[in-house]
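Everything below concerns the one structure shown next.
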Amino acid sequence: MGRSIVFSLIIGFIFGAGTVLLAGSFYHDVPTVVYQGEKLHIELKEFGFTPTAQPPLLYYRMTGEFDFHALPLKNEGFVYAADIPGKLLRPGKVQYYFAMETSSGTVTTLPQGAPYSQLYEVDVIPNNNKRPGGLKKIQINLLAPQENETLNPDDVFISFSVPYSIEDPNTLKFRIIMDGIDRSEKLIREGHVATYIPNSIRSGYHTVRFKVYNPDGILIGQRQVRFRISDMPSVHQAFSYKGSFFVDNRVQQLNSTNLNYTRGGLRLNFNYKKFELDTRLLMTTNESKERQPLNIYSLRFKYNFSYRYFLYLWGGDVAPDYGPLALQGRRIRGGSIGLYTRFFNLDVTKGQSLRAIEGLPSVNPDSSSIPLRRGTYRQNFFSVHPQFNFGSHFSWGINLVNAKDDPNSIKYGPNPKEYLVLGTTFDLNMHSRRILIHGSAQASIKNEDASHSVDFDTLANTLELEGTDRKTAKRIVDILTKPGFITVSPGLAPLPSLALQFDTQLNYFNQVLRFSYKH
């Protein structure tokens with residue numbers, strides 16, 4: 001068995017304070033303000049074991065513009081950074097978001113829902129309002145909630161006030177930003193007091209920043225508060241919903257061929273107390289029975305015990321994630337059922353991982369002739385992944401992933417194949433998650449030709465297995481053939497191959513130190 005050992009040592013510096021936002025394994029601090037003519041420095045910080053396949057992209061525009069401008073981010077260790085040139089900035093606001101592709105092929109945006117529902121915003125102040133002597137700052141008073149206070153979902157009341165010595169507070173401009181999103185349009189002003197009451201709010205920690213600008217648009221004061229929403233379900237806001245949709249038409253020219261295709265997508269989310277229903281639909285004019293599915297249909301139902309623990313039913317196109325060595329980034333058309341609790345997690349998925357596509361027969365009537373095009377068998381898929389949680393610091397899981405070509409799904413095709421992966425994973429975190437350790441060990445078996453079965457002795461003699469190897473293979477085959485995971489046939493390799501991965505990450509003194517071992 002060939003071996004390859006990859007050892008990498010990466011040190012990244014993560015600086016900054018203020019509002020820190022999380023989307024997967026990425027953090028972003030929203031800049032406060034930028035003056036016209038000065039460059040706007042944007043940073044995106046990576047923090048975790050999910051590196052990007054390509055450097056993330058920054059998409060930005062000025063308010064009033066329709067199209068976004070793309071700007072690649074430069075990799076500086078665990079920090080991605082870019083500068084928007086000052087000559088491109090006009091007085092007003094810069095709107096922007098990040099787009100990135102993970103190593104599993106998943107494309108995500110920060111903030112989530114961008115660019116259709118949410119965007120980051122930074123004020124661009126006219127250059128003639130920048131005064132070298134500085135301005136007198138004002139003290140912002142926090143009325144509610146208290147710093148690090150825990151609130152129920154129905155008791156969220158956020159209020160700030162400016163000094164009562166200001167004679168006419170109506171000349172001032174107030175802004176309130178919650179978790180990086182501007183909510184100023186819902187701000188209630190009553191003289192010197194500004195209040196914000198969110199319609200609905202998720203459980204967990206939130207950060208709110210309140211800013212005050214003078215009539216010239218210059219920032220003269222700001223105040224920040226961080227608080228937590230408990231897991232108790234809302235009583236008054238029992239029902240809520242949100243949704244988004246898009247339509248995209250593209251025309252491409254390759255040599256003398258014009259390609260014109262249209263995509264459309266719809267996503268709806270409904271919440272009622274502890275129940276949640278999420279639907280997703282993506283359709284394209286390129287969908288064809290002669291290729292693997294491009295359209296996406298998904299319906300997921302969740303019952304939330306809390307914001308971290310829930311029961312779910314997922315149908316349509318599902319994407320279970322057991323880790324990069326076992327199962328990740330694979331779309332299954334079928335269904336999943338799962339459970340996340342304090343002590344035990346479970347995912348069971350069943351469906352089809354490949355669509356049946358018929359091959360083209362040979363023009364020669366002889367049945368032994370090679371087809372003009374070999375088809376693709378429908379591939380039946382099954383996986384299960386139980387995980388045991390020992391407190392909040394250690395978890396251990398096992399997984400089984402099985403995929404089998406259906407020989408009856410098409411007439412003209414290659415030899416049907418079978419795949420089986422068995423393995424285990426563990427995760428350990430210590431010292432307030434400053435020490436993260438992840439390990440995975442996976443054994444895989446592949447059957448290159450499952451068109452017909454033979455007895456084990458015939459297979460062992462063909463592979464010239466003797467002694468201990470023969471006994472070991474016999475035990476493995478007996479365990480895997482009885483449930484129907486693997487067929488004993490001439491294409492079976494009864495001894496599994498092994499893959500290992502171990503990652504360690506240390507987070508101290510605003511530095512990240514990572515070790516990785518793969519086999």
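The values are calculated or read from the model by the stated rules, or taken from the named source; none is laboratory data. Note that the structure is predicted; figures quoted are calculated from it, not measured. For neighbour counting, all protein chains shown are included, and Cβ atoms are generated from backbone atoms with ideal geometry for every residue, glycine included.
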Among (1) without any contact (Cβ under 8 Å) to a residue 60 or more places away in the chain; (2) closer than 28 Å to Val384 by Cα; (3) small (Gly, Ala, Ser); (4) surrounded by 13 or more Cβ atoms within 10 Å (Cβ to Cβ), the one test that Ala499 misses: (1)
Selected residue (criterion: surrounded by the fewest Cβ atoms within 10 Å (Cβ to Cβ)) from residues of the range 502-519 that are assigned to a strand (DSSP E or B) and polar (S, T, N, Q): Gln511
Tally of residues being closer than 23 Å to Leu172 by Cβ and surrounded by fewer than 14 Cβ atoms within 10 Å (Cβ to Cβ) across the range 183-209: 7
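Okay, residues lined up against (1) in a strand (DSSP E or B); (2) more than 24 Å from Leu325 (Cα to Cα); (3) β-branched (Val, Ile, Thr):
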{"residue": "Ile437", "(1), (2), (3)": "yes, no, yes"}
{"residue": "Asp457", "(1), (2), (3)": "no, yes, no"}
{"residue": "Asp469", "(1), (2), (3)": "no, yes, no"}
{"residue": "Ser489", "(1), (2), (3)": "no, yes, no"}
{"residue": "Leu495", "(1), (2), (3)": "no, no, no"}
{"residue": "Leu500", "(1), (2), (3)": "yes, no, no"}
Check on Thr425, under 22 Å from the mean Cα position of the chain (by Cα), assigned by TED's automatic domain parsing to the domain that holds Ala493 and closer than 27 Å to Asp317 by Cα: yes
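Working only within the range 64-79, note down all residues that are at pLDDT below 85 and either among the small types (Gly, Ala, Ser) or on the phi > 0 side of the Ramachandran plot (or both).
Gly64, Gly77
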Residues being surrounded by 17 or more Cβ atoms within 10 Å (Cβ to Cβ), part of a strand (DSSP E or B), among the hydrophobic types (A, V, I, L, M, F, W, C) and modelled with pLDDT under 75 - total across the range 21-63: 3
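Restricting attention to the range 152-169, report how many residues are under 26 Å from Tyr120 (Cα atoms), at pLDDT 85 or above and not in a loop (DSSP other than H, G, I, E, B).
Qualifying residue count for the region: 4.
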Test: residue in the range 281-289 that is loosely packed, with under 15 Cβ neighbours inside 10 Å, modelled with pLDDT of 90 or more and assigned to a strand (DSSP E or B): no
Some residue of the range 335-347 being surrounded by fewer than 17 Cβ atoms within 10 Å (Cβ to Cβ) and among the aromatic types (Phe, Trp, Tyr): yes
Checking Asp321 against (1) acidic (Asp, Glu); (2) assigned to a strand (DSSP E or B); (3) surrounded by 14 or more Cβ atoms within 10 Å (Cβ to Cβ), the condition it does not meet: (2)
Selected residue [crowded, with 16+ Cβ neighbours inside 10 Å and not β-branched (Val, Ile, Thr)] from Ala473, Ala493: Ala473
Tabulated pairs, the range 455-468, first surrounded by 11 or more Cβ atoms within 10 Å (Cβ to Cβ), second not in a loop (DSSP other than H, G, I, E, B), C-beta under 6 angstrom, 6+ apart or interchain: Phe456/Val477; Ala460/Arg470; Leu465/Ala473
Unique residue being more than 30 Å from Ser516 (Cα to Cα), touching a residue at least 40 places away in the same chain (Cβ under 8 Å) and crowded, with 16+ Cβ neighbours inside 10 Å when the list is Asn447, Asn402, Asn380: Asn447
